[in-house]
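Novice: One structure is given below, represented as structure tokens, and several questions about it will come after.
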Amino acid sequence: MSALPEDLQDLERRLVGVQFEPRASLGAEILGRFQRGDTGAPGRPPFWLRVRGLAAVLALVGLGLSVFGLFALRSPALASVDRCCHDFDGGGDADDGLLILSRAGTEVRRLAIYEDRDGSRSFTPADLIRFARSGGPSLHAQLLPGAITTEFCCLDYDGGGPDDDALLVVGLPPDRIAMAAIYERRGPPGLPAELR
């Protein structure tokens, strides 16, 4: 202690003699536990505090489920497209129209090719459906000699926005269609595309 000045040596002796001890309730306070008093069990929070905590947890869960329902479970809107008039069936006249029902321009739900008999340039009850499908692409008739495959590119056939879709039609001219499918052009030509 000779290194300290004399007036600080007295202070040093007093500080060395000081001892700290936590009070008996400090452990329970640190752990977040409360005493209920004479009627409750030690270590459990009061009933009103437990009810309020449970209500807060249920409110948070409800809010989380509401937000999840708004964003994650929202199904994309259906898009309907009516494209007329082209020679889809190979008959030589540009009198055919295409009806598409798709989910947000991604999944084709229904596809139909019609002949625009009344010249309205859109589908009406007077028009004749040449081909219709629900679900994925499939052949509706046996391929006969003389069948041709034609690609019509690039328009927004699926209602997704950009003109990046192609229509593939397998038919037997002048008015028979065996298969029709939409696919999206991605990347350079020659890359495989997924028929929709």
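The values are calculated or read from the model by the stated rules, or taken from the named source; none is laboratory data. As the structure is a prediction and not an experimental result, all values here were calculated from the model. Heads up, the Cβs are rebuilt from the backbone with ideal geometry, glycines too, and the neighbour counts pull from every protein chain shown.
Novice: Search the range 150-162 for residues that are of a type in the set (Val, Ile, Thr) and pair each with any residue that is part of a loop (DSSP other than H, G, I, E, B) when their beta-carbon atoms are under 8 Å apart and the residues are at least 6 apart or on different chains.
Specialist: Every condition considered, the pairs that remain are 150/88; 150/90.
Novice: When the residues of the range 13-67 are narrowed to those that are part of a loop (DSSP other than H, G, I, E, B) and polar (S, T, N, Q), which ends up modelled with the highest pLDDT?
Specialist: Taking the candidates together, the pick is 19.
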